1. Could you say whether any residue in region 200-215 is assigned to a helix (DSSP H, G or I), closer than 27 Å to Leu382 by Cα and of a type in the set (S, T, N, Q)?
2. How about region 96-110: which of its residues are of a type in the set (A, V, I, L, M, F, W, C) and either touching a strand residue (DSSP E or B) at 6+ places or on another chain (Cβ under 7 Å) or modelled with pLDDT under 90 (or both)?
3. Take Thr270 and tell me if it is within 21 Å of the chain's Cα centre (by Cα), farther than 17 Å from Tyr196 by Cβ and among the polar types (S, T, N, Q).
4. May I ask you to say which residue of Glu190, Glu175, Glu225 is surrounded by fewer than 20 Cβ atoms within 10 Å (Cβ to Cβ) and modelled with pLDDT of 85 or more?
5. Report the residue count in region 80-138 for those that are surrounded by 24 or more Cβ atoms within 10 Å (Cβ to Cβ) and of a type in the set (Ser, Thr, Tyr).
6. Answer yes or no: is there a residue in region 356-375 that is farther than 20 Å from Tyr281 by Cα, within 29 Å of the chain's Cα centre (by Cα) and surrounded by fewer than 22 Cβ atoms within 10 Å (Cβ to Cβ).
7. Considering only region 162-179, I want to know if a residue exists there that is of a type in the set (A, V, I, L, M, F, W, C) and outside any helix (DSSP H, G or I).
8. Tell me which residues, restricted to region 32-79, are within 38 Å of the chain's Cα centre (by Cα) and modelled with pLDDT of 80 or more.
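The values are calculated or read from the model by the stated rules, or taken from the named source; none is laboratory data. None of the values given here were measured: they were computed from a predicted structure. All Cβ positions, glycine included, derive from the backbone under ideal geometry; neighbour counts span all protein chains shown.
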Amino acid sequence: MGHRVHRLRGERGLTQREVAEPSYTAAYISTIEAGKVQPSEKALRHIAERLGSTYEEVVSGRPAYLALELRARLTDAQRALATEDPATAIPLYEALVREADECALAPELSTALVGLGQCALESGELEGARAHFERAEAVLVEAGGSLPQRVPAVRGRALTHLLSGELRYACYLLEQALDELNSSGLHDPEALVLLYTAVIAPYMDLGAHARAAQAAELALALAPEVSDPALVARLHRGVARTLLAEGRAAEADASLVKAVEAYRQLQIRTELAHCHWMRGYVLAQEGDLSRAEEALRTAHGILLSRSASLYTHQVGVELADVLHRQGKDDEAERLLNGLLDGLSSAHSAVHEAGAHRLLGLIAERRHDDEEAQGRYTTAMRLLEPAGAAGDLADICRLLGDLLRRTGSLEAALDAYRVGLSPRAAPGTTTLGPAPAKPF
């Protein structure tokens, strides 16, 4: 600090007496510059004023405007990520990471790292994304950041585990953060809504529909306290899944229409694609296959334009399912075979298994039982470690029925047993206690 005061004084051409007067002496400034005394906050504010600087710059060496400038540039990077190809946002975030790191600006550094993690997620680079999210959280922990500040990084980490097929660990991370927020009285509506909406997907994939419905209910109750329209739109998208699971398709569709309109206004194209994706899923469950195909093709096109490879593959599986149900097996098979070149169990075991399941159904329809059995067996192998109980039960039923029809009764029984083994009471599966409710 003494060296900094000496440098600033020299740059401005001031004497020690000019900096000291009228409250202090030149000798006092000399001892500060020599590092022989630790000045009080009052003295530092006086020195900063005389130097034409700020208290923050004298104490830390960082110009006061720097953090504001970085935050403004973070907004530009976030807008680029939301409305353009993620590749355009990467260099913006990388520059921000370097500058925030050099200046020890922990909140800005963490936000930039989360942005890089989101870019990596869209391109399917799960290991790189996880590294960014982990570092973002560690930066805030080291700087004494609060849990609400760390929630975006926690959510990002959980999403990488979800997409890797580690459903229970994704739930664990999100539930742990929810419990800490709720039990400690850290009532931050935006952080809570972010966590509750994030935990809906792994709950649904695990078959814990009661928990998913409870998370959606708690998120909706907090929605009036949230000022971020993008977060509210994400909430409506997540809630639609639970409404659909409860058989409330019309309400699910209405919720998704609200989310689509919000995202259209915000021009957040990836989230808009997710809304079209979920709407297509809802329409498919209602049997409106032509409109479902249209919605899924729209989502697929948006994601392709953003080079969001992982999500493009996932929505492609949903589109192939709708094509198969309409009897367009040749088109569905071509799409699925192309998707399997980009899907891997390290990225999304559930969707890779879904692709093999559909190819098995197509093979059965053309009476190629050997091909169908191979596809179902592969899907079962992918789903067992993922913990997706509902999907595993479905594929084991298909495999068991095929084996029984072809005379392999013992093998059929084994397949049925595998499908039954992870099932528990609805809404509980093998998870621990549900997260505490907010106070």
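1. Checked against the condition, which is being assigned to a helix (DSSP H, G or I), closer than 27 Å to Leu382 by Cα and of a type in the set (S, T, N, Q), region 200-215 yields no hits at all.
2. Ala100, Cys103, Ala104, Leu105, Ala106, listed by residue number.
3. yes
4. Details: Glu175 fails: surrounded by fewer than 20 Cβ atoms within 10 Å (Cβ to Cβ); Glu225 fails: modelled with pLDDT of 85 or more.
Checking each option against the conditions leaves just Glu190.
5. 3
6. Within region 356-375, none of the residues are farther than 20 Å from Tyr281 by Cα, within 29 Å of the chain's Cα centre (by Cα) and surrounded by fewer than 22 Cβ atoms within 10 Å (Cβ to Cβ).
7. Checked region 162-179: no residue is of a type in the set (A, V, I, L, M, F, W, C) and outside any helix (DSSP H, G or I).
8. Once the filter is applied, which keeps residues that are within 38 Å of the chain's Cα centre (by Cα) and modelled with pLDDT of 80 or more, region 32-79 yields Leu70, Arg73, Leu74, Thr75, Asp76, Ala77, Gln78.
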